[in-house]
1. Would you calculate a helix-derived [θ] at 222 nm for the protein assembly as shown, using -39,500 (n - 2.57) for each DSSP H run of n ≥ 4 and dividing by the full residue count, to the nearest 500?
2. Cα axis of helix B:109-122 to longest principal axis of chain B: angle in degrees, 0 to 90, nearest 10?
3. Calculate the FRET efficiency for A:T160 and B:H106 from the Cβ-Cβ distance with a Förster distance of 35 Å, rounded to the nearest 0.05.
4. From other protein chains only, count the Cβ atoms within 10 Å of every residue's Cβ in A:156-169, then give the mean.
5. Give me Rg/Rg_expected for segment A:118-265, where Rg uses Cα atoms only and Rg_expected = 2.2 N^0.38 Å with N residues.
6. Before I look further, what does the protein assembly as shown give for accessible area per residue, probe 1.4 Å, in whole square angstrom?
7. How much of the accessible area of the protein assembly as shown, probe 1.4 Å, is carbon plus sulfur, in whole percent?
8. I'd like the accessible area for B:R171, computed on protein heavy atoms only with a 1.4 Å probe and all protein chains in place. Round to 10 Å², please.
Amino acid sequence: MAESWRQPRRLLLLAIGALVVLFLVAPTLIVIPMGFSSSKILEFPPPGWSLEWYGKAFASKEWTSGMWNSIQVAVVTAVLATILGTLAALGLVRGRFPGRTLLNAVLLSPLIVPVIIIAIGMFSLYVRWKITGSLLGLVLAHTALAIPFVIVSVTTSLRTIDRNIELAAQNLGANPVRTFRRITLPLILPGVFAGSLFAFLTSWDEVVTAIFLTSTKFRTLPVVMWEQVREVVDPSTAAVATIVLAVTTGVLALAFVVRRQAPAS
Amino acid sequence: MTASALGLRGLTKHFGDVVAVDGIDLEVQPGEFVTLLGPSGSGKTTTLRMIAGFTTQTSGTIEVGGLDMSHVPPYKRDVGMVFQNYALFPHMTAAQNIAFPLEMRHIGRDEARRQVAEALGLVRLEQHGGRYPRQLSGGQQQRIALARAIVFGPRLLLMDEPLGALDKKLREALQLEILHISRRIGATVIYVTHDQEEALVMSDRIAIFNRGRIEQIGSGEDLYERPASLFVADFIGESNVLRGTFQRDATGGRVVRDGVEWHLSEGVMDRAELAGGTEAALVIRPERMRILERGQPTPGGLNGVAATVNDVLYLGPIRKYGLTTAVGQKVVVREQAGSSGRDWASGDEVWLAWDREAGVLLADPPTSS
């Protein structure tokens, strides 16, 4: 009696769950077939199949230079944000100084403050410093946006380390630098690495500050896509989007694997 | 004059308004095993952390082997430490853990390997050098931690409740093992615990900590037989505290309570150095008291008081009685099984007696809690 009453309820739950998942991922997945379309315009469902648009995308100077710029910005951002974010996390977790809570809030604020506001602010400043439309300008902007992800990831790793382990290292003759290199860093490395992947992704698909800080001479992939969609609407945008999606998914999967292999002490 | 292995002089630590350690003086001789014993929050662990250099003292000095270490960073103190939760490096094998202090001291690879093997042998874990800490049991981890703390020949070995996380059987086995190893290598050990039995088993001397001060320091026997304060009497072993007024005159000294008098031997009285008329406490260990038949003549040289048996606890080799005296004091008496003429039962009206030489007379400050 109870079983038969329960069974339809479970099915209903399953159906609602499936609908929510579909609602979340369908707009992303719909892009993939559109990139393999034989049509001349972006449409769904595609009338036939072709690899034509991938060929066009790789032949176009606009797309390839955008992709190259995006990779450069994302890699440099990841390196910079990882170093700065790791150091910040160390200070925030281990340090004892006045204003620590406030500093923590400031460093994490890019997670909360609307990106459009950050973008406008950065644009006004960077124009004055003459670094708009350059690799440097966009790297600085993306680093600010990416640092919170590194801090959160590294902080979580640091908190799992028993403080006595570091004290034991010092007691056994390791000065603070050697203690960090031999003990702390190896133990937080999975957190650092996961943080760097999130930093890479933050930059890789960032479009708001990029619109403000790029120029016709220096554009990243999301900016090119944004402009393409507004102007020409041919399926090469979908082809490029599929490539972006593949990179993002790959990096996320890597971050997931790294996180799972973090040693539990 | 030989330098002591450790010298603490006026060591003090404040945390804000809280005085955690309040002017500790302590001299430890080379090869000595000294335990810091006290309730939690009494300052024993803070003292140990100051010796290790993890916490900086507010004032006072720390000398190790005649060298002033007061402001030397922990990694230059050459002092080994064993932590309660082992603090092994989880990403290194047991052998790599033990090799770590040697590596920090730039010992050659072959020599380091030899010393690691020797240390593993000392803690009887020769076969476990290649294991990671998570593959070892708690007792094995603590033995690796011990090997790591002694392999570089430290000036001092500090141990912070090293057996606190282990079960009773293992704890007792490791107590003896730590004792044997430290004797074999001639280590000077400063050992922190709140377990008085552990302190009695292991130590040459025990320092009783209370509210940031050393209340008394001495051998286990000193502390047990001649406690200097009610706190010590209470903390080490069980004790019966008989409160009353101390009186002394030409005939001798006695403690008086509600008309009942207990005579004191010269020895007991002299050690107390109390003035007549003060409130005092006569402290007598449970095994020093005897239960006699009520109404029989008391043998000479004994003190006594009428009492009622409340509880009888059978503990295998010994029997423990809980009694209330005629003047309202709770008393515990311990007797060897088969030693007494008869077994008493709850409700028995008896006569409680003890030798006049037994016990310690202590001041009973009215402010004490």
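1. -14500 deg cm²/dmol
2. Approximately 20 degrees, to the nearest ten.
3. Numbers: r = 31 Å, r/R0 = 0.89.
Efficiency, from the Cβ-Cβ distance: 0.65.
4. On the way: counts 0, 0, 0, 0, 0, 1, 6, 2, 9, 8, 2, 8, 16, 7.
Whole-number average of other-chain Cβ neighbours for A:156-169 is 4.
5. Values: Rg = 20.0 Å, N = 148, 2.2 N^0.38 = 14.7 Å.
That ratio works out to 1.36.
6. Values: 31350 Å² over 634 residues.
With all protein chains present, the protein assembly as shown gives 49 Å² per residue.
7. Numbers: 18640 of 31350 Å².
The C+S portion of the solvent-accessible surface of the protein assembly as shown is 59 percent.
8. Ignoring ligands and nucleic acids, B:R171 comes out at about 60 Å².
The values are calculated or read from the model by the stated rules, or taken from the named source; none is laboratory data. Computed from a predicted structure; not experimentally measured. Neighbour counts run over all protein chains shown; Cβ positions are idealised from the backbone, glycine included. Protein only, heavy atoms only, side chains kept; ligands, DNA and RNA dropped before computing areas. Shrake-Rupley method; radii C 1.70, N 1.55, O 1.52, S 1.80 Å.
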